[in-house]
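For reference, the structure discussed in these notes is given below.
The values are calculated or read from the model by the stated rules, or taken from the named source; none is laboratory data. Computed from a predicted structure; not experimentally measured. Methodologically, a virtual Cβ is constructed for each residue, glycine included, from the backbone with ideal geometry; neighbour enumeration extends over all protein chains shown.
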Amino acid sequence: MRCLEGRGSNGPACLAKFRRKGLRFCFLSSKSRVSTAKRLQKFAVAARLPPDDRNDPDGPKRRAMEDELRDPKYFLEYLLPRPLRLAFFGASAASCLIATVLTAVRLLQSPALELADGSGPRDLLVNIIGLATFASLFVYDQQQAQARIEERRKVREAQIALGDRELFVNEKGEKMSRLKEVNDDWIIRRLERWGQRDGMPFVGPAKGAILQQLVADKRPQLVVEVGTMAGYSALLMAQVLPPGGRVVSFEKDLTWFLVAKRFMWQANQGEKNAGLETRVGDRVKLEWGDAREVLPRVLRPGRDRINLLFLDGTPKEYLDYLKAAEPFLEPGALVVADNAGVFGAGGLRPYLEYVRSSSQYRSELVRCKLEWREDVEDGIEISTYLGPGPAGPSPITAMMSKEAAAVGTEGSGSPGAAAV
Ligand SMILES: C[S@@+](CC[C@H](N)C(=O)[O-])C[C@H]1O[C@@H](n2cnc3c(N)ncnc32)[C@H](O)[C@@H]1O
């Protein structure tokens, strides 16, 4: 916990100290076995992000730096090399030009014949359109590249000013700059700054601390997450996994999927440079697609047993995610649903009714604040999967659950075994 509280000025020193002692992550104390909602809530309050970014005179520079991380063009650039794009546009424009000239020459040589059968003018038009299209794409790409070069220059300057980038002289004596060794903590701090500034729906440090504590206690071999976004929660969970553990995270939005891929890659660099064999980013496997369809295809029946399922996608789909993942849940697995407070009476209602009334789950709400907001109450629903039982809740249980929700007694879920 000291480690989390010290994320501001003394955070790196604190983390280095823990690492020297061979600890991957450290919480308040080893005897802190967090099992009750109250304890988890206390934990969340203590882990709040220090106000190191508020009234920051370097704010504009930080924004310039982080804009790099938000622009999807950069992620496409990262995956699709520009030389290939230019070669394709250039070659296509050149072949259209050649075809245009050849068709024009043919038309000039035998105008009567070509005009009679109609193919000459049509070919000429098609080739001219192709030429115009590919030439425009070529020029547009060049212009975009110039704009990006300029933008990157500004980003580099901002990174140097903020200490994220260092200057060095290469073998040829040229002055160069490079990003400092980055690792998972660096990425997490960056994402927290971004999240706080723009109110991004990352799980945030307070709920993130609860999540980490659950993972640290549960020691899961397989964590499945629905809703990766930039990979903030996936990285947090990966940091505290036991040896051999992995996180499989599903994201349906391609841009976010690529963003998260890049962050996972970056998160590995510090550890790679330090010569470490196992890296936090490697423990996260990202899957692109709607989790409702992709999850049952990606996990192997009988082999992949989920020990912790974290749901943070579209609220009204939570029940579908759970149903898709249920055949893979290990008895005793934890199912953690974010935003059970803010969406408890809305999109999450069918999900909450299900886990609170089903005999297959024991469920409770851990109240906490919404990420980045001290004035908005939220909560995480933590349900324990008890194993396959009778199909679905009894009508009485379902009715009691509905009544309880109607009078606003949302909270400790009814242990299904007692209710049936
Ligand atoms: C609240 S954000 C997740 C934040 C992330 N867990 C974190 O704390 O950093 C929700 C994400 O879920 C994704 N999503 C929504 N519905 C999904 C689905 N059916 N399958 C996979 N991803 C989904 C969205 O594209 C979005 O990126």
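Of the candidates G341, G281, G332, G313, the single residue that is at pLDDT 95 or above and crowded, with 16+ Cβ neighbours inside 10 Å is G313.
The helices (runs of 4 or more DSSP H) falling completely within segment 226-345 that include 2 or more residues that are more than 16 Å from the ligand (Cβ to nearest atom) map to 254-273. When residues in segment 183-208 are screened for being under 14 Å from A234 (Cβ atoms), outside any helix (DSSP H, G or I) and either away from the ligand (no atom under 11 Å from the Cβ) or over 15 Å from the mean Cα position of the chain (by Cα) (or both), 0 of them pass. Would you confirm, using the coordinates I've provided, whether K323 is at pLDDT 90 or above, touching a Lys or Arg at 6+ places or on another chain (Cβ under 8 Å), among the basic types (K, R) and under 15 Å from F250 (Cβ atoms)? So K323 fails the test.
Every residue, every condition in (1) surrounded by fewer than 20 Cβ atoms within 10 Å (Cβ to Cβ); (2) under 15 Å from A333 (Cβ atoms); (3) within 23 Å of the chain's Cα centre (by Cα), yes or no:
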site: L348; (1), (2), (3): no, no, yes
site: L352; (1), (2), (3): no, no, no
site: S358; (1), (2), (3): no, yes, no
site: Y361; (1), (2), (3): no, yes, no
site: L365; (1), (2), (3): no, no, no
site: C368; (1), (2), (3): no, no, yes
site: L386; (1), (2), (3): yes, yes, no
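For segment 173-217, filtering for residues that are out of contact with any helix residue (DSSP H, G or I) (no Cβ under 9 Å at 6 or more places or on another chain) and crowded, with 18+ Cβ neighbours inside 10 Å leaves 1. Quick one: is F328 assigned by TED's automatic domain parsing to the domain that holds G387 and within 13 Å of the chain's Cα centre (by Cα)? Criteria not met by F328. Just to be sure before I move on: is V215 at pLDDT 95 or above, part of a helix (DSSP H, G or I), hydrophobic (A, V, I, L, M, F, W, C) and more than 11 Å from the ligand (Cβ to nearest atom) in the structure I sent? Against the criterion (at pLDDT 95 or above, part of a helix (DSSP H, G or I), hydrophobic (A, V, I, L, M, F, W, C) and more than 11 Å from the ligand (Cβ to nearest atom)), V215 qualifies. So is E166 out of contact with any helix residue (DSSP H, G or I) (no Cβ under 6 Å at 6 or more places or on another chain) and not in a helix (DSSP H, G or I) or not? So E166 fits the description; yes.
Here G173 passes the criteria (1) under 34 Å from the mean Cα position of the chain (by Cα); (2) at pLDDT 90 or above; (3) part of a loop (DSSP other than H, G, I, E, B) except the one numbered (1). Which pairs do you get when a residue that is of a type in the set (A, V, I, L, M), found in segment 244-265, comes within reach of a residue that is within 9 Å of the ligand (Cβ to nearest atom) and assigned to a strand (DSSP E or B), reach meaning Cβ atoms under 8 angstrom, with the pair 6+ apart or on two chains? Here the result reads V247/E225; V248/E225; V248/E287; L254/W288; A260/S249; A260/E251, each pair linking segment 244-265 to a residue that is within 9 Å of the ligand (Cβ to nearest atom) and assigned to a strand (DSSP E or B). Quick check: anything in segment 195-204 among the acidic types (D, E) and touching a residue at least 60 places away in the same chain (Cβ under 8 Å)? Checking segment 195-204: not a single residue is among the acidic types (D, E) and touching a residue at least 60 places away in the same chain (Cβ under 8 Å). Out of A345, A337, one residue alone is of a type outside the set (V, I, T), within 25 Å of R246 (Cβ to Cβ) and assigned by TED's automatic domain parsing to the domain that holds Q213. It is A337.
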